[in-house]
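Below is one structure, written out as structure tokens; comments come after it.
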Amino acid sequence: RAPLQVADFDYGLSLDKHLKKLYLEGKGGGQKMETYELAAQYFNKKCDLPNASMPFFFFIGDEAPYPYLPANIAKSTIGTRQKNNLESRVIFGDLYDKFQGNVFFLQNPYCGDRHAETAEIREEWISYIGNDNAEKIIPIIEEKSVVDVILGTIAMVSRARDMKQYKADMKKRGQTKTRVGNVGKSLEGLDKLYTKGGDDGSVKTKKSGAKKI
């Protein structure tokens, strides 16, 4: 009934009114895939960023994208016309370009504790976004740490903070030692990418044309 739901940009308590409008279908799961590629294509085609200097895009979930977006689904759901089914790696390549490389997948453990499946899903994501972006798949160690992980990601990517400084900020905000430690584990990969290895965080994307499937 609701394959894609999109709300207006907002902030603070105003977000509540949008969250209350979301329709929860339920009865899903089990196939290890969700339509992240559909959401990505929506923002590729329907979201303009004329004044963005450093835009960020965060996915949060525990499954992998589908390998391609069917042309009929794209038309019926988001109104875009494409002759052929579009490969997900092309869609994500466009999304990374649009958001200047700042696209991140915050990965929750699959079904809570199924580590083998979680690792498989991570590899599936890498197959769509490329090895150069592998560190932008961020493991969520503690469910309630998502906001801190997002803030830390923005802080490190923008070079406002390194890991040590951000952990100090968290302690000043009164976060527990456990929370600080878990966020640090989540952000280890980004720390290496942006603050230790001398990498500028730039992204190399490899695109191909749409292929008929």
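General observations
- Using a Gaussian network model of the chain in which every pair of alpha carbons under 10 angstrom is joined by a spring, one finds that among GLN107, GLN165, GLN41 the greatest mean-square fluctuation is at GLN165.
- Calculated FRET efficiency, LYS20 to SER127, Cβ-Cβ distance, R0 = 25 Å: about 0.10 to the nearest 0.05.
- Share, in percent, of DSSP beta bridges within the chain that are antiparallel, nearest 5: 20 percent
- Remark: the Cα gyration tensor places the chain in the prolate category, a/c being 1.5 or greater and a/b exceeding b/c.
- GNM top mover of VAL183, VAL147, VAL90 - the chain, alpha-carbon springs below 10 Å: VAL147
- The label-point distance for ILE60 and ASP8, in a model that sets each label 7 Å from Cα toward Cβ, rounds to 2.2 nm.
- Here the Debye sum runs over all C-alpha atoms of segment 32-139 as equal scatterers in vacuum, and log10 of I(q)/I(0) at q = 0.13, 0.22, 0.23 Å⁻¹ comes out as -0.48, -1.20, -1.27.
- Seen from ALA168, the other residues with C-beta closer than 15 Å to its C-beta sum to a net charge of +4, counting Lys and Arg as +1 and Asp and Glu as -1.
- Per-bin percent of Cα-Cα distances, segment 110-196 [10 Å]: 17, 46, 30, 7
- Segment 1-91: translational diffusion in µm²/s, Stokes-Einstein, Kirkwood Rh over Cα pairs, 37 °C, 0.692 mPa s: 219 µm²/s
- The GluC sites (Glu not before Pro) of segment 19-50 that meet both conditions, a loop assignment by DSSP and at most 14 other Cβ atoms within 10 Å of the site Cβ, are GLU25.
- Against the compact-protein benchmark of 2.2 N^0.38 Å, the Cα-based radius of gyration of segment 118-160 scales to 1.30.
Computed from the coordinates by the stated procedures, all read-outs in this text should not be read as laboratory data. Because the structure is a prediction, the values reported are computed rather than measured. Reconstructed Cβ throughout: ideal geometry from the backbone, glycine too, with neighbour counts over all protein chains shown.
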